[in-house]
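Asks: What follows is a single structure, and I will ask about it in a moment.
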Amino acid sequence: TRDGGKTWSKPKQIVDTGFNEGTIGNAIVVNRQNGTLYNFFNFNDAAGTDNIEMVVSTDRGATWSKPIYVQRLFTTLEKRFATCFCGVVYPGDKTETKALRTGDSIPAFAIDPNHGQLYVVWQDGRPNNFENDMLLASSSTDGGETWSAPKLVNPPNDKAAFTGAVSVNDRGQVGVLYYDFTPPLTSPDVLLTDTWFTTASGPELNFGPRQLVGGPFNMEAAPIARGWFTGDYMGLTAKVPALQDESGNQQGNQNNQEGSGFVSLFVMSNCRNNSCAAQGSLDGTPVGPDSTDAFSSRQ
């Protein structure tokens with residue numbers, strides 16, 4: 001669109017897929033310096049293997065490159081495909097029946113607004129030998145031609161870390177928002193879950209101390225849709241710096257430091273700490289006034 005969304009160009013295919021192949025999680029980021037468009041996605045092939053890939057356009061989307069490999073997305077979901085089709089389960093659940101529905105197949109992407117560095121964050125089972133997914137991050141400083149070795153976002157002793165969101169502010173800080181199971185397990189019907197925010201300075205991705213922004217809450221009190229489900233889409237965006245008028249005076253924010261922060265959006269159940277027991281059921285059968293309807297009955 002060139003008129004603020006009043007009219008739109010005709011849709012056209014930009015990624016070719018074969019039989020039993022597909023893409024998910026497509027997201028476009030724009031290089032403000034040269035107008036290059038980067039469309040990132042998870043490519044799932046006929047064998048069920050997931051890879052983060054991208055296509056690039058340097059002519060405002062008129063033409064696109066062939067798919068470019070970014071990173072292997074090796075979620076624990078691939079190891080459990082025959083059982084729960086999930087990247088995260090209740091810690092220690094060897095039966096793989098107490099599943100979560102997370103953003104395991106949906107990576108998150110961002111671009112540095114000043115320098116064009118690219119960033120990806122995704123769930124991966126390799127850091128803890130596929131017990132549960134953790135969060136990995138990688139960056140590119142050459143427009144996606146090469147990518148850094150994946151780095152762990154969350155602490156290595158986490159029981160799981162999942163459903164991440166990423167953004168970069170005007171100072172080059174990389175912010176990541178995610179869930180994890182830091183609190184102790186207290187009972188079979190209470191799975192305490194936290195929401196965390198952490199930052200790294202630039203493409204080295206050396207994440208510093210993290211900040212608790214939500215929780216703990218009982219994940220087992222969340223709706224059930226093929227697993228306990230708070231939503232597989234989280235939001236994180238960098239604040240826009242204060243504008244200046246023609247005289248150089250700031251407009252809007254009184255303190256320009258506000259332009260360097262982040263704004264997050266995430267979902268929790270309304271069951272905090274140990275204050276209530278889970279009301280859902282693993283098969284989706286309604287159990288109480290706070291439970292979900294059966295997933296199979298929904299169209």
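Asks: Mind checking the full-extension length gain between Arg32 and Arg226? Use 0.36 nm per residue of separation minus the Cα-Cα distance, one decimal, nm.
Replies: On the way: separation 194, 0.36 × 194 = 69.84 nm, distance 3.96 nm.
Roughly 65.9 nm would be gained on extension.
Asks: Quick one: Cα convex hull volume of the stretch 30-70, Å³ per residue? Don't skip to the end; give the middle numbers.
Replies: Values: hull volume 2.6 nm³, N = 41.
Once divided by residue count, the hull of the stretch 30-70 is 64 Å³.
Asks: Would you mind computing, in nm to one decimal, how far apart the modelled labels at Ile68 and Asn20 are, each placed 7 Å from Cα along Cα→Cβ?
Replies: Going by the 7 Å Cα→Cβ label model, 3.1 nm.
Asks: Another one. P(r) of the stretch 111-222 in 5 Å steps, Cα pairs, percent per bin?
Replies: Bins of 5 Å from zero give 2, 12, 21, 22, 17, 11, 7, 4, 2, 1 percent of pairs.
Asks: Taking the mean number of other Cβ atoms within 10 Å as a proxy for protection, how do you rank 172-185, 227-240 from highest to lowest? Don't skip to the answer; put the middle values down first.
Replies: Values: 172-185: 21.4, 227-240: 18.1.
Listed from highest to lowest mean packing, they are 172-185, 227-240.
Asks: Of the options Gly143, Ile106, Asn26, report the single residue whose Cα projects farthest towards the positive end of the charge dipole of the stretch 1-149 (beta-carbon charges: Lys, Arg +1; Asp, Glu -1).
Replies: Working it through, the farthest residue towards the positive pole turns out to be Asn26.
Asks: Separate question: For the stretch 1-154, what does the relative contact order come out to in percent, with C-alpha contacts under 8 Å and a separation of six or more? Can you show the working numbers first?
Replies: Details: 326 pairs, mean separation 24.3, N = 154.
Reported as a whole number, the value is 16 percent.
Asks: Tell me, what is the per residue accessible area of the stretch 33-174 in Å², probe radius 1.4 Å?
Replies: On the way: 5660 Å² over 142 residues.
Roughly 40 Å² per residue, with all protein chains present.
Asks: So, one more: Whenever you get a sec, line up Lys12, Lys6, Lys94 from highest to lowest accessible area (probe 1.4 Å, protein heavy atoms). Could the numbers behind the result be given before it?
Replies: On the way: Lys12 115, Lys6 175, Lys94 150 Å².
Final ranking, largest accessible area leading: Lys6, Lys94, Lys12.
The values are calculated or read from the model by the stated rules, or taken from the named source; none is laboratory data. Everything quoted here is computed from the prediction, not taken from an experiment. Please note: Cβ atoms are built from the backbone with ideal geometry, for glycine as well, and neighbour counts cover all protein chains shown. Side chains included, ligands, DNA and RNA excluded: accessible areas come from the protein's heavy atoms. Shrake-Rupley method; radii C 1.70, N 1.55, O 1.52, S 1.80 Å.
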